[in-house]
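Worksheet for the structure shown next.
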Amino acid sequence: MSRRLIALLILTISILTACGRAIANHPAAAGYLIFLEGGFSNGGESVKVLDSGSGTVVRELPMGTPASDWSRYYIVTQLSGSAQLKAIDPASGRTIAQATIPASYSLPDIAFQGPTAGISPNGQWLALTQKGASTNFLVGSSSLTDSFKTIHVNGDFVFDALSNDGKSLYLIQKMKDPNHYQVRLYDVAAGALMPQPVVDKREPNEPMNGIRGDSAADSIGNYVYTVYIRDGGPFIHALPLDEPIAWCVDLPSTASNDMERQFHWALALSHDGRTLYAANEAVGTVAVMTSGEPPTIVRTAPVAMNLPPRQGGGLVTDADAKGPRIGGAALSPDGRTLYSFANVGVVAIDTATLKVRARYLDPWRPDTMRLSTDGKWLYVAESSESKLWQIDPATGAVAELKSVVNPWALLWAQPK
C-alpha cells in the first residue's frame, strides 16, 4: 500500500472520529433541572441536581424515594433512639413535612438499582422496612400527618409494591434456595399475610426465580412491570395492584441462558399505562405488550438498532453488557417515538412501524437516558467518561453539558 493511500486512510479515520465526537455544537437550553445519580448505586453517593444552562450542581440530595412526579422526595435520618422521616421538595430542598419513626427503619432498597422505593404509584402511601430476627414494615400516608401502621412478618421479606389505596403490600419472600423466591400479599387493613403466594394462575406451580432488572409502574396503579433475568430466558412479571395474582410474560431470547444480553432489556410505558415497550439492543429486538388479563405481547420485531463495525480502525466494537440500566429506554409524550440505546449512541424508533428514524451520539456508548417532563429534551449520559448531553428530538441538535463524575443514572428532568 502506498504512503499516500495510508495517509488518506488515516485522514479518513480522523475525520470519521471527529465527525462522530464533535456532535455537541449547540448551547444547552437553560431553564431545566436534571436529577442524576453519580457513582455506583447505594455506595454512599447522592443525587445531584444540575442546572441545564450552566451544568453546575445546584443541590445535592441523599439517596431517597421520589414520588412518581418528583413533587416530593423522602429521606430517613437515623437519630439516637429514633429516626426522622422527611418529605422535601427536591427542586428547592425545602422541607414539606416530617415525622419521627422508630429507630433503624429505612426506605426499602430494591436490588441496588438507584433510588430507594416504598411509595405507591399515585404517591399517596409510603412503606418503610426494618430488618431483624423477623421483618417489620411501617405503612402510612405519605403526607406524614397520620401515624404509621406497624406490620410484622416472620421470615426474610423485602418490599415489592404498594397499592394506590395503601391496603395491599406486596412482598418478595426469600426462600432457603437463593435462586427462588415467592411474591406474597399482606392485607394491611386486615393485618394479615395472605396464606397463598401471588402466582400466575396459568402456571400456579411454576417456581419463581430470576434476577430483578428494569421496572415500570403506571400512576393509575393498575400494574407494576418488572423484567426478570434467568437461565430459562427473560420474562416480564406483571403485577396488578388490586388482585392476589400476577402474570409472567416471556420475552424474546436468542439463547435462554445468555444472561448478559438479558440484562439489556429496558422498559418504557405509555402515559395511559396501556402499552409497554421492551427494547434490547443486544438482541436487536423490540417487544410491545398491552395491558389486560393477561397482559399480552402483541408485536415483536427485529429492529436495526446496531451499526455494523467500521472498517479501518475498529472504531466500533460490540457493546459490552453493563447490567440493568436505570433509564434504558424512553417514550415520547405522544407515544410515537421510542428511544433506545444501540451498540453505539441512541436511536429513535417509530412505534407504528418499529423502524429506526434517527440516530444520535455515534460513536459514544451512553448508559442512561431520560426525557424532560414536557418532552422537549432528551438527556443522555455516559458514565465512564462523565458525559452528559441534551438532545432536541425535533431537530436532532445536540449540546454537551458539564457533568458530574460518573453519571450512573439519569432520574428526572423538569422545567424550573
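Odds and ends about this structure:
- Label point at H271 placed 7 Å out along Cα→Cβ; residues across segment 362-405 whose backbone nitrogen lies under 18 Å: 370-379, 393-394
- Each label point was placed 7 Å from the Cα along the Cα-to-Cβ direction; for N154 and V298 their separation is 4.7 nm.
- Contact order relative to length of the chain, as percent, for alpha carbon pairs under 8 angstrom and 6 or more apart: 13
- Values of log10 I(q)/I(0) for segment 163-310 across q = 0.08, 0.15, 0.17 Å⁻¹ run -0.24, -0.79, -0.99, by the Debye formula with one identical scatterer at each alpha carbon and no solvent.
- Estimated dipole of segment 104-258 in Debye, rounded to 20 [Cβ of Lys and Arg +1, of Asp and Glu -1, Cα centre]: 400
- Degrees between helix 3-21 axis and first principal axis of the chain (Cα, 0 to 90, nearest 10): 30
- Surrounding net charge for L378, when Lys and Arg each add one and Asp and Glu each subtract one, Cβ distance under 11 Å: +1
- Fraction of accessible area attributable to carbon and sulfur, the chain (%, probe 1.4 Å): 52
- Cross-link partners of K131 among aspartates and glutamates, defined as those whose alpha carbon lies under 16 angstrom from its own and excluding same-chain residues fewer than eight positions apart: D109, D156, D160.
- Mean projected area in nm² (Cα convex hull; one quarter of hull surface) for segment 26-157: 9.3
- Entry for Cα extents along the principal axes in Å (calculated from the structure that is shown) out of (i) 143, 82, 31; (ii) 81, 48, 37; (iii) 60, 56, 43: (ii)
- A simple packing score, the average count of other Cβ atoms within 10 Å per residue, orders the peptides 175-186, 231-242 as 231-242, 175-186, with the highest score first.
- H26 accessible area, assembled protein chains, probe 1.4 Å, Å²: 90
- Kirkwood-Stokes translational diffusion coefficient of segment 64-136, alpha-carbon pairs, 10 °C, 1.306 mPa s, µm²/s: 125
- Euclidean distance between Cα centres, segment 188-226 to segment 63-111, Å: 25
- Spacing of the two label points (7 Å from each Cα toward its C-beta) at S386 and K176, in nm: 5.0
- Per residue, the solvent-accessible area of the chain (1.4 Å probe, heavy atoms of protein chains only, all protein chains present) comes to 44 Å².
- Taken about its Cα centre, the chain carries a charge dipole of roughly 920 debye when the Cβ of each Lys and Arg holds +1 and the Cβ of each Asp and Glu holds -1.
- Ordering W125, A394, A330 by Cα displacement along the dipole of the chain toward the positive end leaves A394 in first place; charges were set at the Cβ atoms of Lys, Arg (+1) and Asp, Glu (-1).
The values are calculated or read from the model by the stated rules, or taken from the named source; none is laboratory data. What you are looking at is a predicted structure, and each value in this text was computed from that prediction instead of being measured. As a convention, Cβ positions derive from the backbone with ideal geometry for all residues, glycine included, and neighbour counts pool all protein chains shown. When the accessible area is computed, the model is the full protein with side chains, heavy atoms only, and any ligands, DNA or RNA have been set aside. Shrake-Rupley method; radii C 1.70, N 1.55, O 1.52, S 1.80 Å.
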